[in-house]
Every structure is written in C-alpha cells, then in structure tokens.
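To start, the structure itself, in structure tokens.
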Amino acid sequence: MKGGGYYSRRTRGAKDAIDGASGMLMEAVAALPAPNPGQPVRVADFGAADGGTSKKAMHDTVAAIRARFPQSQVVVTYTDLPSNDYSALFKNMLGLAEEPELSYLTKLTGVFVHACGVGFHRQLFPDASLDLGFSATAMHYLSEKPCEITTHVHMVGANGEERAAFARRAEADWINILLARARELRPGGRLVFLNFGIDEQGRYLGHTGEANMFDTYDRLWRALRDEGRITAEEYVRATFAQFYRTKEEFAAPMLPGGIAYQAGLRLLSARTGLVKCPYRRAFEDAKGAMSAKEFAASYVPTLRSWSETVFANALDPARPADERAHIVDDFYRSYEDVVAADPHRHGMDYVHCYLAIEKVG
Ligand SMILES: C[S@@+](CC[C@H](N)C(=O)[O-])C[C@H]1O[C@@H](n2cnc3c(N)ncnc32)[C@H](O)[C@@H]1O
C-alpha cells in the first residue's frame, strides 16, 4: 500500500465495506464471554493498513465492549506487514489525521493500542488470549507468489498450471490463517472477516458487468511491453500475489470434519456482498456536472493506492529511479485516458465474502 495516509484517503470503498459490516461486529461483541477477572478484552485488526478505513467500526466496537464490560480495559492490536506505514496508523489513532472525533484512544479511557508487524499467516498472539479478531480486504494476499503469471497480471486471468499453483497456495494459506486464529482465540471468541472473493455470479473486484479492471491493467501493461517501454521479464513480473476465493473455498476447512473445524472454529455465517464503487456513484450522481476527465482523475488514484507497488516492483531495479517513476506514472495516465474515453464502463465495485466465526472450547 502507499503510505503517508494515502491509502485510507483514497480508499473510500473499503471504508464503505467495513461500515456495512459493523452490525456483524456488534453481534460478535454481544456474544463475547465475559473476560476473566483482571484481564482486558483483546481485539485485533488483521491487515489494518493505516487504520483509517476501520476507524469508525473500531470506534463503535470498542465503545460497545466498554459499555458491555465497564470494568474491563480493552487492547486493540493493529497488525500488518513489516513494510506498513505504522506512523500513519498511530497518527490516525491519536486523532492527528482526518476524523479526529473517531479516535477512541483519546476519547475513551481504559483503551490501549498496539501494533504488530508480522504477517497474519502466522500465529501472532499467545494461545487463547484473543477475544475478537477482525479483518477487512486483506486475506486475499498470499504468503508468497507460487509462480509468475506469464499471460496476465492476476490469478483471475491465469490458466492451467499457473492458476492451479495459485489455488494450492491459497488453500494452504487459508488453512494456516484459520489454524493460527484458532490457537489465538479464547473459547467463545469471535472472528469477523470480510475478504475479497468471487461471488455466485462469478463477479469480483472491478469485474461486475462492464470493463474488467484486471484485464485493463493487463492490456495497458502489455502495451508498454509491445511498445518496447518495458521488457518481457518486467511484464511477467507484474503478478499480483493475491487469490480471490469463493464462499465454498472459505467455508471448506470449517465444515464438520475439516481441519479448522477440528481446531474448534465454527462458521456461523457466510455470505457474499457487493459494495458499489463510490467514485463511479459520485460521477453518476453528478448528472453531467462532473466531466469524464474529472471522473477518471478521481477514480484512478484509488486503483493506484493498492496496485502501484506491483507494477513499480516489476521494473528492473537497475533502471534509474526517476525512469521507473515515469513508466509507472505513464501507466496510470494511460488508465485515466481509457476511463475518460468511456467513463460509463469503468468502476471498481467491491465483492466480498463476509464470514462470522466462533471458537468453541
Ligand atoms: C487493501 S488493504 C486493506 C486495509 C484495511 N483492512 C481496509 O479494509 O481498508 C490490505 C492490507 O493487508 C496488508 N497485508 C497484506 N498481506 C498481509 C499479511 N500477510 N499479513 C498482514 N497484513 C497483510 C497490506 O499490507 C494492506 O495494508
């Protein structure tokens, strides 16, 4: 993700998806067992980025926990990769960024904020110490790329053995994620996850009926190769380390007899849901008051906020830094041109699978 608070400023749709799941968090809080005397209630946000998009949901969750267990303190741990911008995260927590009124850390007493820079494929908390785990739009990231995808930039466009290698990696990663959470959770503890996925109609992020976002990325990145701007290796190296699972793939390890079921996880609910692209919606709501160029300029930065590192890191590090920056700028400018030329075909609707999970004793 881009740091400096850019992520949450440019990712309104992710915030909308989280706010839409706040009812699931409230249900989870209502069902939590009372903490042991003298113990805090421990909450984790797995893959939190700068904490901006979950700020309102976490504020409401912490307030609900304090209301339900007034004698208990609360510890919220934000986890992400070691490369995450934790400075932006703590500015958000301390109310030094946007929406300071949502800083529960400064508003509520008995609340503590920690951060953990170790990826969620491993166990991050001691056994049976976590009460509530939350994660939004993060667990599609794989622990590693099993291979490069030679004919596309994303697994949604991969075929044959390359697609199968991604599916195998995703299955093993999901099991590791669930088993780690099963060890961390107290009996009665809950998980609320909203993960990118593929829904019953085959829809996924940026592919809900019109232009396919990942096909557009691929076409424009491939064009740079065909024009000789980037090499064949640089084209291939732009492979997202992601996998979009189906509801069935999410549920499988928690079905009776499954490995996560045996570890004590019970799937309470699983459903897919679509959140409309807020930038596209604003363009349509403007009813002609926003030009196609203005829409493109408002929309493409949200794509850039999470995809830029993939394209920038695909470029040969031997190229001078400013040359790499120019190529990436030109790439996103070409995406803006494509959107401006045909704005009504573009948008990044979010498709998630929403999971509520309980740990039994
Ligand atoms: C699209 S952002 C989502 C951020 C926030 N949860 C939201 O919903 O807006 C995905 C986040 O997952 C993080 N991430 C990716 N792989 C991860 C891993 N293995 N462990 C922890 N975080 C990871 C990324 O660094 C990034 O901050």
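Values for this structure:
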quantity: GNM result for the chain, Cα springs below 10 Å: residue of His346, His326, His59 fluctuating most strongly; calculated: His326
quantity: Distant-in-sequence amide H partners of Gly51 (H built 1.01 Å from N, under 5 Å); calculated: none
quantity: Portion, in percent, of the accessible area of the range 159-239 that falls on carbon or sulfur, probe 1.4 Å; calculated: 47
quantity: For the chain, calculated [θ]222 nm from helices alone, where every DSSP H run of n ≥ 4 adds -39500 (n - 2.57); calculated: -13000 deg cm²/dmol
quantity: Share of carbon and sulfur in the accessible heavy-atom surface of the range 28-110 [1.4 Å probe, %]; calculated: 57
quantity: Magnitude of the charge dipole, the chain, Cβ model with Lys/Arg +1 and Asp/Glu -1, debye to 20; calculated: 1000
quantity: For Glu323, net neighbour charge (Lys/Arg +1, Asp/Glu -1) across residues whose Cβ lies under 13 Å away; calculated: -2
quantity: Shape category assigned to the chain from the gyration tensor of Cα positions, a/c cut at 1.5; calculated: prolate
quantity: Pair Ala30, Thr151: separation of 7 Å Cα→Cβ label points (nm); calculated: 5.0
quantity: Backbone N within the range 321-346 under 20 Å of label point (7 Å from Arg281 Cα along the Cβ vector); calculated: 343-346
quantity: DSSP-defined antiparallel bridges as percent of all bridges, the chain, nearest 5; calculated: 45
quantity: P(r) weight above 22 Å for the range 67-162, C-alpha pairs, percent; calculated: 49
quantity: Candidates Ala31, Ala170, Ala286, ranked by Gaussian network fluctuation over the chain, Cα under 10 Å, top entry; calculated: Ala286
quantity: Max mean-square fluctuation residue, GNM over the chain, Cα-Cα springs under 10 Å, options Glu308, Glu227, Glu99; calculated: Glu227
quantity: Whole-number accessible area per residue in Å² for the chain, which is evaluated in the context of all protein chains at 1.4 Å; calculated: 41
quantity: 5 angstrom amide H check on Glu99, placed H, neighbours 5+ away; calculated: none
quantity: Amide proton proximity set for Gly188, modelled H, under 5 Å, gap of 5+; calculated: Lys359, Val360, Gly361
quantity: Summed side-chain charge close to Leu179 - residues other than Leu179 whose Cβ falls under 14 Å, Lys, Arg +1, Asp, Glu -1; calculated: 0
quantity: Neighbourhood net charge (11 Å Cβ-Cβ; Lys/Arg +1, Asp/Glu -1) for Gly347; calculated: +1
quantity: Overall form of the range 227-361 per C-alpha gyration tensor (a/c, 1.5; a/b vs b/c); calculated: oblate
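The values are calculated or read from the model by the stated rules, or taken from the named source; none is laboratory data. Nothing here was measured: the structure is a model prediction, and the numbers come from that model. No Cβ is skipped: glycine too gets one built from the backbone with ideal geometry, and neighbour counts run over all protein chains shown. Note: accessible area is taken over every heavy atom of the protein model, side chains too, but ligands, DNA and RNA are not part of it. Shrake-Rupley method; radii C 1.70, N 1.55, O 1.52, S 1.80 Å.
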